[in-house]
Amino acid sequence: MKKYLKLDALTKAEVPRELDLRILAAGKLRQGALLQRRRKLRFVFSGAAAAAAFAVALGLCLMPQNQDFRDVSREEYAKLAALSDWTSVEQENYNLSGEIFWGSTSVTELADNRTSPGV
Amino acid sequence: MSMNKSTETVSDTHLIKAYLNGDGQAFETLYFRYRQQLYGYLSNLLRSSSIDPDDIFEETWLKVIDKLPAYRDEGRFSAWLFRLAHNLFIDQIRKNRNRTFLSTDQEDVPDLPAPEHLQPADVIENRELGEEITRAVQRLSTEQKEVFLLRQQELSFKEIAEIQKCSLNTVLSRMHYAIKNLRIFLAGSRKQIK
């Protein structure tokens, strides 16, 4: 390295103490802010990860065991329900049919009794 | 505030990382390592101007503190530090728009030989000589003064070129004329240089 003239008066100077104190205080303040920000970020990320894990676990717990029932859409369910939902006319028809059936059965039984010997 | 000798061997990059990881002592070590050099540089650079070196000094370190998290180890910390100071100094000049610096016409300066009894490579603590040279440095143009002072801080010409945002040849030229002018100023001084 080429040699050159070097003077302390040009390279160094005593710094006023107030400047030292202000700058060092600013350094500590900034360091505190950086560390706090880092802690907050860590909290946010770990919280988000925990929330995601909880959501997955909840979803797994709530999964129905009978998939068929859940697969039935509302419309189909309404159709199924409608089958058991009789109107009064339909109910009357059923009752009459039943009476006719049971009535004819009774007649047949009576006829059988008349024709049977010993009566 | 005193520094431990063991901290002197720790690299600047290591100190910065330690600071960012919460080591309270790290920034103090880094600061004490460079504060006198930076203050000396600014004091000499701004001696003949209306700009207060204290303001630039403090702003420089505040900027360092602010930019440390994004600091990349792409060169020496000292070069980065002086670059920040230079940029703030230029910003202040533009704000003030008051150039009080003297500039010499480089073309007309005659080439005079240096005094033979001046010994290079030694840290000369002779008070009279120091004062003479300090006064002579103030007579240089801003650019020449800056190159000369940064060279005194042991920055390479390449680093100085990055700071001044000019070519290496321009920096070398400025240094050449700075030395030339200093020789003239010193030779023209009436005091005996011992």
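Going by the conditions given, is residue A:54 away from chain B (no Cβ under 13 Å) and under 30 Å from residue B:24 (Cα atoms)? So residue A:54 does not fit the description; no.
Inside the range A:1-25, residues that are part of a loop (DSSP other than H, G, I, E, B) and either modelled with pLDDT under 90 or open to solvent by 100 Å² or more (accessible area, probe 1.4 Å) (or both) make up a count of 7. Figure legend. Inter-residue proximity from the range A:31-43: first residues facing chain B (nearest Cβ under 10 Å), second residues in a helix (DSSP H, G or I) and small (Gly, Ala, Ser), beta-carbon distance below 8 Å, spacing 6+ or different chains. Indicated pairs: A:31/B:24. Of all residues in the range B:65-91, those being facing another protein chain (nearest Cβ under 10 Å) and either outside any helix (DSSP H, G or I) or under 19 Å from residue B:144 (Cα atoms) (or both) number 0. Say whether the condition of being in contact with a Lys or Arg (Cβ under 7 Å, 6 or more places away or on another chain), among the β-branched types (Val, Ile, Thr) and in a helix (DSSP H, G or I) is met by at least one residue in the range B:45-64. The answer is no, given that none of the residues of the range B:45-64 is in contact with a Lys or Arg (Cβ under 7 Å, 6 or more places away or on another chain), among the β-branched types (Val, Ile, Thr) and in a helix (DSSP H, G or I).
Looking only at residues of the range B:158-179 that are of a type in the set (D, E, K, R) and farther than 22 Å from residue B:138 by Cβ, we find that the one that is least open to solvent (accessible area, probe 1.4 Å) is B:159. Note on the range B:27-62: among residues that are open to solvent by 30 Å² or more (accessible area, probe 1.4 Å) and aromatic (Phe, Trp, Tyr), the one that is nearest to the other protein chains (Cβ to nearest Cβ) is B:32.
The values are calculated or read from the model by the stated rules, or taken from the named source; none is laboratory data. All figures in this text were calculated on a predicted structure; none of them were measured in a lab. Note that we place each Cβ from the backbone using ideal geometry, even for glycine, and neighbour counts take in every protein chain shown. In case anyone asks, the SASA skips ligands and DNA or RNA and just uses the protein heavy atoms, side chains included. Shrake-Rupley method; radii C 1.70, N 1.55, O 1.52, S 1.80 Å.
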